[in-house]
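Bear in mind these aren't lab numbers, they're just calculated from the coordinates by the rules spelled out. The structure presented is a predicted model; accordingly, all values stated were derived computationally and were not measured. Because the Cβ atoms are built from the backbone with ideal geometry, glycine has one as well, and the counts that use them run over all protein chains shown.
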Amino acid sequence: MEPFLECLGASREVGRSAFMLHTDRNIYLDYGIKLFDESGKPKFPIPTTTKPDMMILSHAHLDHSGCLPSLYHHNKIRWYSTPPTMEICQMLWMDSMKINGSELPFRLAQFAKALKFWSPLLYEQTIQTGRTSMVLHDAGHISGASMIEIEHEEKTILYTGDFKCEETFMHKGAKLAKDVDVLITECTYAKKEHPPRKAAERKFMDEIHETIENGGNVLLPSFALGRTQELIAMIRHYDKNVPVFVDGMGREISKIYLRYPKYIKDPNAFRKNVHEVTSVADQTDRRLATRKPSVIITSAGMMNGGPVLNYLFNCNSESKVLFTGYCVDGTNGWKLQNHGFITKDEQDLYVDLPIEYIDFSAHAGRSDLLKFIKAANPQKVVLVHGDKPMDFAAELKEEHGLDAVAPLPGERIML
């Protein structure tokens, strides 16, 4: 039977990445959650009646991993990922259960069962099941993030997960793929080019130095996974002396990064960087952070909870809020950037501080997406994890002669 793909999420949307690849085996590729749906409730993958044989997880971000424990109500399948991915997942899943509680389709029992069925898979290590083999490649996105390459009867299928080709302070970047038959790729920024990295870094440090010299705090709402570590490394690369405070889950995830040094670019430099920032443990530390000019890196990146809201109303008038990552429509971060207020305890609170956005996305921008697709030279391109992939599919067909599709949720795509 010809291989096909069931699209259970991340189809014409960003969030709840979940697919089942059918070869001679039924293989889940990611099983994520969409936390910031328009309904205000988490959104989960579309159920399938097919019994799975195994699952492979590209990386730990909740939009790719957050629903994985729900598979263990009835299944006893093995799931594979890199070691840092598994350890980060444990932390994120526990936090998700605390925050979302009864809204999630799993409980502690399924969480514990899922961990028992995990098997490690290292980069460039091949596993074989039936007539299907799989290997992981570095995706350049966060620690342990992987592209999943599947071989079945002389057909090569590559699922990119989230990837970035450009080198960052923490990662070397994904390598271009060659000779791919089917490419299943994210297209988050298919219509947007990221600004030149070095120029963005200079602007970022200029904003920090100007604010510090004026006696203010630079508040950096930051994703705990990936962005916190990148900001620590970036600031310390350019300035060894500016006071930096790190609050929230990013502290513990930085420790996981250091436990798996082979999955980051320069572990020795990062270990030194982590030791040269102040880890915030309690309210006393938080008061200390705002008492003097400093940089404060804190969760949550979209400001829907976390220590960031405490800092927001305790920084002095010379302070500034710098966003370095995407905020979903309707989140506090989006409201602050677009309307100047956040919502807390059902009250709209206006913030009288300057707001800036500097793009340090961990996803491939438009030119890198096109470069990657052209290098892979696939017979078929399946576009996922994007808000308007239909437009990009039309462009790839009309301008590049590629067989490109943007599947609907629940659609089956013959490969």
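The table below gives the values:
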| item | result |
| --- | --- |
| Residues Leu121, Leu349, Leu219 arranged by fewest to most Cβ contacts within 10 Å | Leu349, Leu121, Leu219 |
| Percent antiparallel among DSSP beta bridges (both partners in the chain, rounded to 5) | 45 |
| Residue order, fewest to most surrounding Cβ atoms within 10 angstrom, among Glu167, Glu411, Glu230 | Glu167, Glu411, Glu230 |
| Sequence of Val295, Val274 once ranked by neighbouring C-beta atoms within 10 Å, starting from the fewest | Val274, Val295 |
| Contour minus Cα-Cα distance for Leu115 and Glu2 (0.36 nm per residue) | 37.4 nm |
| Gain in span if fully extended, Arg287 to His275, counting 0.36 nm per residue against the direct Cα distance | 2.3 nm |
| Gyration tensor (alpha-carbon) shape descriptor, region 135-291, a/c threshold 1.5 | prolate |
| Within the chain: Cβ-based charge dipole about Cα centre, in debye rounded to nearest 20 (Lys, Arg +1; Asp, Glu -1) | 1080 |
| Between helix 197-213 and the chain: long-axis angle, C-alpha atoms, 0 to 90°, nearest 10 | 20 |
| Helix axis angle, 227-238 relative to the chain longest principal axis, alpha carbon, degrees | 50 |
| Highest to lowest packing among 59-70, 179-190, 259-270, scored as the average C-beta count within 10 Å | 59-70, 179-190, 259-270 |
| Cross-link reach list, lysines versus Lys191, counting only Cα pairs under 18 Å and skipping chain neighbours closer than eight places | Lys164, Lys371, Lys374, Lys388, Lys397 |
| Furthest towards positive pole of dipole, Ala145, Gly333, Ala199, structure part the chain, Cβ charges | Ala145 |
| Which labelled figure in (i) 36, 23, 21; (ii) 38, 26, 20; (iii) 32, 25, 25 is semi-axes √(5λ) of the Cα gyration tensor in Å, once derived from the coordinates | (i) |
| Per-residue [θ]222 nm for the chain (sum of -39500 (n - 2.57) over DSSP H runs n ≥ 4, rounded to 500) | -9000 deg cm²/dmol |
| Bridge type composition, region 197-357 - antiparallel percent by DSSP, nearest 5 | 20 |
